[in-house]
Amino acid sequence: MLYPLKFKPVYKDYIWGGRNFEKYGRILPDGIVAESWEISCHPNGISIVSNGAFEGISLPELVKKLGRKLIGNALAEKDSDRFPLLVKFIDANEDLSVQVHPDDSYAFIHENGEYGKNEMWYIISAEPGARLVFDLMPGTSKNDFAEAVKNGTLEKYLRYIEVYPGDVLNIPAGLVHAIGKGIILAEIQQNSDATYRIYDFNRIGKDGKKRPLHIDKAIDVINFNSEVPKEKTRGIKIKLDSTSSKTYLVANKYFSVELLEVTGKIPGLADGSKFHIYSFIDGEGEIIYKNGSINFKTLESVLVPADMGEYEIAGRFKALKSYVPDLENDVIAPLEKEGYSKQEILNALY
């Protein structure tokens with residue numbers, strides 16, 4: 001009965017979006033499209049199954065219906081009634097606001113039990129010279145920051161970096177960040193919409209007013225202790241066979257994300273412990289499972305239920321595979337087997 005699940009995209013029309021998803025064959029609604037929430041159990045954008053026997057059922061309903069068969073036996077009890085991850089594609093046709101996210105403990109108290117928001121970005125495309133905000137300048141103090149917000153001089157404390165297709169950035173809670181214009185990216189994150197806007201370039205929203213800022217909460221959660229600038233994630237690449245590879249990109253207790261670059265066919269196993277999400281960022285192919293197969297193409301996402309069993313993915317494609325890991329067994333042990341030390345793994349992925 002279990003099969004790979006596709007969902008109807010949930011489109012968001014934030015003011016900085018564009019129409020660039022059309023380049024990938026997406027049929028978009030009228031107007032600005034800033035984000036496509038691909039797989040979401042969050043009340044601000046709930047995914048609806050678009051294929052097979054469960055078509056028309058929402059992801060929250062499916063979690064209730066299938067339980068551990070969908071989410072996996074390894075997931076913590078606190079996550080058993082709400083899906084822990086949220087996967088998006090983002091079209092930054094203009095600059096996003098400068099923002100920061102809280103961690104679990106702060107969000108639970110201040111955002112009505114919401115998860116915190118740790119996330120990562122994979123840059124799908126970037127116009128020449130595209131850049132984003134990635135941390136504050138080293139040594140920026142809380143007092144520096146508060147004074148700059150008051151005086152309108154915050155930009156001198158923002159650390160900008162150029163980005164290119166294939167770049168990976170880990171954005172833990174507490175890190176100041178902003179996506180710059182001309183970038184399309186995939187975002188893997190905790191199932192949360194807790195965002196504190198710090199600076200918005202004095203833009204006017206659709207209601208004719210400046211969008212609200214959340215300075216006090218932002219100052220509470222920003223990590224001001226970083227003396228070394230945060231860098232892009234290097235990842236660790238291993239060969240799967242003569243034509244395919246897997247790169248471990250980011251791994252933490254919230255999510256692990258791998259980049260699969262495949263020509264041919266690779267095996268998969270949903271052994272009951274965890275679900276797998278595949279976000280296809282280039283190419284096309286099919287997922288073959290016990291009772292059939294489904295096709296996929298660029299800028300599609302598929303959820304493989306935890307208890308689906310053996311499957312194969314065939315084609316020529318690049319995909320981000322995300323899941324909630326057992327860090328020791330899913331990440332550290334396989335890479336140690338490849339000859340990497342635990343310190344090398346921690347430095348590359350965390």
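Throughout, read-outs are computed from the coordinates displayed, never taken from laboratory work. What you see is a predicted model, and the numbers here were worked out from it, not measured in a lab. Reconstructed Cβ throughout: ideal geometry from the backbone, glycine too, with neighbour counts over all protein chains shown.
Restricting the range 293-327 to residues that are in a loop (DSSP other than H, G, I, E, B) and acidic (D, E), which is farthest from I71 (Cα to Cα)?
Filtering first and then ranking leaves D326.
Out of the residues in the range 43-56 that are surrounded by fewer than 19 Cβ atoms within 10 Å (Cβ to Cβ) and among the β-branched types (V, I, T), which is farthest from D193 (Cα to Cα)?
Among those that are surrounded by fewer than 19 Cβ atoms within 10 Å (Cβ to Cβ) and among the β-branched types (V, I, T), it is I48.
Hey, can you tell me all the residues within the range 11-44 that are among the aliphatic types (A, V, I, L, M) and within 17 Å of the chain's Cα centre (by Cα)?
Result: A34, I39.
Restricting to the range 201-227, and then to whatever is of a type in the set (D, E) and farther than 17 Å from V133 by Cα, can you tell me which residue is surrounded by the fewest Cβ atoms within 10 Å (Cβ to Cβ)?
Ranking the qualifying residues of the range 201-227, first place goes to D207.
Does A178 qualify as being aliphatic (A, V, I, L, M) and within 20 Å of the chain's Cα centre (by Cα)?
yes
Would you be able to tell me the number of residues in the range 228-271 that are within 22 Å of T298 (Cβ to Cβ) and among the acidic types (D, E)?
2
Taking the conditions exactly as written (touching a Phe, Trp or Tyr at 6+ places or on another chain (Cβ under 8 Å) and either crowded, with 19+ Cβ neighbours inside 10 Å or polar (S, T, N, Q) (or both)), does I161 satisfy them or not?
Answer is no for this residue.
Check whether at least one residue in the range 149-157 is touching a Leu at 6+ places or on another chain (Cβ under 7 Å), among the aromatic types (F, W, Y) and within 30 Å of E258 (Cα to Cα), and report yes or no.
The answer is no, given that none of the residues of the range 149-157 is touching a Leu at 6+ places or on another chain (Cβ under 7 Å), among the aromatic types (F, W, Y) and within 30 Å of E258 (Cα to Cα).
Please enumerate the residues belonging to the range 309-343 that are in contact (Cβ under 8 Å) with a residue 40 or more places away in the chain and among the charged types (D, E, K, R).
E310, E312, R316, K318, K321, D326, D330, E338
Mind listing whichever residues of the range 23-42 are surrounded by 12 or more Cβ atoms within 10 Å (Cβ to Cβ), without any contact (Cβ under 8 Å) to a residue 60 or more places away in the chain and either over 20 Å from D95 (Cβ atoms) or out of contact with any Phe, Trp or Tyr (no Cβ under 9 Å at 6 or more places or on another chain) (or both)?
K23, L28, W37
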